[in-house]
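**Q** Below is one structure. I have some questions about it.
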Amino acid sequence: MFKSMSISLILLGALAIIAGAIALAWPGVTILALVILFAVYAFIGAGLQAVRAFSSATAGPIFGHLLLGLLDLAAGVIALAWPVPTALVLVLIVAFWTFTGGLIEVFAAFRSGETAGTRALFTVGGLVSIAFGVVLFSRPGVGAVTLALLFGLFSLIYGFSQIVTGVQIDRKSTRLNSSHLGI
């Protein structure tokens, strides 16, 4: 069992490093891949809404599901037809998400019963999120490239950590197996 887990972690780490290297080398390709992934998600959503519409017993849900399916289909087509504006909109959504999440974290820091250390962590994390959201709002074009580069860095760090974990598990399993054999 340990051997297959360690091998899968090492392979996962290698794939993450490859994805990270590609994202760092070609952030534009990474952004386009994200837009294409969004379009595929929208098309799958449209298909699932159509299935739900035609499996419904009453007319009300049929109309609603068909309408949602058409909106999903339109979103997918728009994403593929105009990838640059789609990427900018996705960056603005991330900007809104990080900004709002940061505000919530700052407010959460002042809940009753929190220790000073927890308050400091919430406050710092919230302020970083707010700052990141402001930067993305102010320069969404640069923000798209920044998100691709951050994804690349994250993937590299994640990949290396998975490889290290896989090697550690492999070493432990080797030691356990040799101790059971009396070696």
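**Q** Restricting attention to the range 1-17, does a residue exist that is β-branched (Val, Ile, Thr), in a helix (DSSP H, G or I), touching a helix residue (DSSP H, G or I) at 6+ places or on another chain (Cβ under 9 Å) and surrounded by 16 or more Cβ atoms within 10 Å (Cβ to Cβ)?
**A** For the range 1-17, residues β-branched (Val, Ile, Thr), in a helix (DSSP H, G or I), touching a helix residue (DSSP H, G or I) at 6+ places or on another chain (Cβ under 9 Å) and surrounded by 16 or more Cβ atoms within 10 Å (Cβ to Cβ): present.
**Q** Is it the case that Phe154 is aromatic (Phe, Trp, Tyr), out of contact with any Gly (no Cβ under 6 Å at 6 or more places or on another chain) and touching a residue at least 40 places away in the same chain (Cβ under 8 Å)?
**A** The answer is yes for Phe154.
**Q** Moving on to the next point. Would a scan of the range 111-119 turn up a residue that is surrounded by 13 or more Cβ atoms within 10 Å (Cβ to Cβ), within 22 Å of Ala148 (Cα to Cα) and not acidic (Asp, Glu)?
**A** Within the range 111-119, none of the residues are surrounded by 13 or more Cβ atoms within 10 Å (Cβ to Cβ), within 22 Å of Ala148 (Cα to Cα) and not acidic (Asp, Glu).
**Q** Going residue by residue through the range 22-42, is there one that turns out to be touching a helix residue (DSSP H, G or I) at 6+ places or on another chain (Cβ under 9 Å), open to solvent by 60 Å² or more (accessible area, probe 1.4 Å), at pLDDT 90 or above and within 18 Å of Ile169 (Cβ to Cβ)?
**A** no
**Q** Shifting gears a bit: Are any residues in the range 154-166 over 13 Å from the mean Cα position of the chain (by Cα) and surrounded by fewer than 16 Cβ atoms within 10 Å (Cβ to Cβ), and if so, which ones?
**A** Correct list: Ile157, Phe160, Ser161, Val164.
The values are calculated or read from the model by the stated rules, or taken from the named source; none is laboratory data. It should be emphasised that the depicted structure is a prediction, and the values quoted were computed from it without experimental measurement. For neighbour counting, all protein chains shown are included, and Cβ atoms are generated from backbone atoms with ideal geometry for every residue, glycine included. Areas reflect the complete protein model, heavy atoms only, side chains present, ligands, DNA and RNA absent. Shrake-Rupley method; radii C 1.70, N 1.55, O 1.52, S 1.80 Å.
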